[in-house]
Amino acid sequence: MKTLAMTGLALLILGSAARATADEWVTVSAPIFPQVLVLYEHEGANFPATIDEEAAVAHAAALNFQSLLVECQADYPGITLLGPEDPPLTPEQLTANFDLVAQCSYEKHTAKPYWIPQLVDDVDICGTELGSEWRLPTEEDIATFTDEDFAFLQETLTTVAGGDWWGGFYFSLRIFVRASDGSLVMGDLTPGAAPRIQPLPSTVNGTATSHLEGGIVLRCLHVASAE
Amino acid sequence: MRSIGVLASAIALVLCGCEVGAGDGTVPPAQVRMEASAPVVQPVLSPEAAREPGVDPSVVLPAVDTPVVVATGPTAGLQYDGSIAFRRVVK
C-alpha cells in the first residue's frame with residue numbers, strides 16, 4: 001500500500017511540474033484599420049441588411065499591416081520588405097516599418113480607428129483578415145495579462161512610435177474586446193488602467209450601426225503553445 | 001485502503017489538472033510569468049492573395065507561432081507583421 005501511495009504522490013508531483021512549464025506565445029496583432037471612406041457609405045440607414053453583406057463591407061474596408069507594408073513601400077522607401085531568402089530584419093528596420101506603416105495608413109488610405117461596432121460584433125474580422133488562428137481578444141484573455149504584459153506592450157509601442165501625429169492612432173492601447181456576456185466592449189491595455197473593461201462609448205449618432213470615433217483599435221489575439 | 005484512496009485522488013488531480021486547494025469550485029486565473037520575447041521574422045508571401053475573397057490569410061501569410069530570432073530590448077517583441085509577441089509560462 002505504501003508503494004502505491006508513493007507512486008500516486010510521484011504522479012502528482014510530475015503532473016504539477018509538467019503544467020508549470022507550459023510555455024505559450026501570446027501575440028497581439030497590429031491594428032486592422034478601416035478605410036473610413038468605405039465605412040461612411042455603409043453606416044446608419046445604409047448599413048448592410050445581411051451578415052454576408054456586413055462581411056463584404058468589413059473586408060472592403062479592412063487594411064492589415066502586411067498589405068500596407070507592401071502597398072506603402074513605394075511612397076515610403078524607408079520601409080524594408082523581407083524576401084524569402086533575406087536575413088531577418090534588424091530591430092531598427094522593424095521599428096521603422098511599423099512607424100511608416102502607421103503614417104502611410106492615414107496619409108494614403110484615410111485609415112482611422114473608426115470601425116462600426118455592429119460590424120466588429122457580427123463579423124469575424126480577425127479570422128478573415130489575418131487567418132483562422134486569430135480572434136478578437138476576450139475579457140478572459142485580458143484577465144490573464146499581468147502588469148508586466150501591459151507594461152511590455154506599452155513600452156514596445158512607445159518605442160516604435162516615431163512621433164508622427166497622424167499615425168498616432170496606430171499605437172493605441174484601447175481595443176475592442178468580447179466581454180464574458182458576449183457583448184462587444186472596450187478594453188484598455190494601458191498599465192494600471194481602471195476599469196480595464198468598460199462599455200463602448202457612443203457612436204457618432206448613438207447607434208451601433210454608425211462609426212465610433214473613440215480611438216478604439218481592432219487588434220487581434222493569437223495564443224500558441226511554445227512547446 | 002486509505003492509501004488507495006489517496007492514490008486515486010492524486011491520479012484524479014493529475015488527470016484533471018486541478019489546482020490543489022482551490023476549494024471554491026472556480027478555475028483560478030492562470031499564473032503567468034513573462035519571459036524575454038522573440039520576434040517572429042518570416043517573409044510575406046503574398047499579402048495581395050490574402051485579400052482575395054474566400055482565401056484564408058493564414059495560408060499565405062506567415063505563421064506566427066515559430067520564433068526565429070531572439071532579441072532583447074524594448075522592441076524585442078515586435079515582429080515583421082507588426083504584431084507584438086511575448087512568451088509566458090502558465091503555471
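Tabulated results
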read-out: Selection within the stretch A:62-84 - of a type outside the set (Gly, Ala, Ser), open to solvent by less than 50 Å² (accessible area, probe 1.4 Å) and assigned to a helix (DSSP H, G or I); value: A:Phe65, A:Gln66, A:Leu68, A:Leu69, A:Val70, A:Cys72
read-out: Failed condition for A:Val57, given (1) assigned to a helix (DSSP H, G or I); (2) over 17 Å from A:Leu218 (Cβ atoms); (3) in contact with a Pro (Cβ under 6 Å, 6 or more places away or on another chain); value: (2)
read-out: Top-ranked residue of the stretch A:118-159 - restricted to ones that are within 7 Å of another protein chain (Cβ to nearest Cβ) and polar (S, T, N, Q), ranked as farthest from A:Leu100 (Cα to Cα); value: A:Thr144
read-out: Condition broken by A:Gln93, with the remaining ones in (1) open to solvent by less than 20 Å² (accessible area, probe 1.4 Å); (2) out of contact with any strand residue (DSSP E or B) (no Cβ under 8 Å at 6 or more places or on another chain) satisfied; value: (1)
read-out: Checking A:Leu89 against (1) closer than 22 Å to A:Gln35 by Cα; (2) not in a helix (DSSP H, G or I), the condition it does not meet; value: (1)
read-out: Residue match in the stretch A:168-176 (condition: in contact (Cβ under 8 Å) with a residue 60 or more places away in the chain, farther than 26 Å from B:Gln79 by Cβ, buried (at least 18 other Cβ atoms within 10 Å of the Cβ) and away from chain B (no Cβ under 14 Å)); value: no
read-out: Output for the stretch A:134-163, where each listed residue is within 20 Å of A:Ser180 (Cα to Cα) and out of contact with any Pro (no Cβ under 9 Å at 6 or more places or on another chain); value: A:Arg135, A:Leu136, A:Pro137, A:Thr138, A:Glu139, A:Asp141, A:Ile142, A:Phe145, A:Thr146
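Yes/no per residue for (1) aliphatic (A, V, I, L, M); (2) on the phi < 0 side of the Ramachandran plot:
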| position | (1), (2) |
| --- | --- |
| A:Val120 | yes, yes |
| A:Asp124 | no, yes |
| A:Pro201 | no, yes |
| A:Gly215 | no, no |
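The values are calculated or read from the model by the stated rules, or taken from the named source; none is laboratory data. The model shown is predicted, which means the values in this text are computed figures rather than measured ones. Glycine also receives a Cβ, built like all others from the backbone with ideal geometry; neighbour counts cover every protein chain displayed. These area figures cover heavy atoms from the full protein model, side chains too; ligands, DNA and RNA do not enter into them. Shrake-Rupley method; radii C 1.70, N 1.55, O 1.52, S 1.80 Å.
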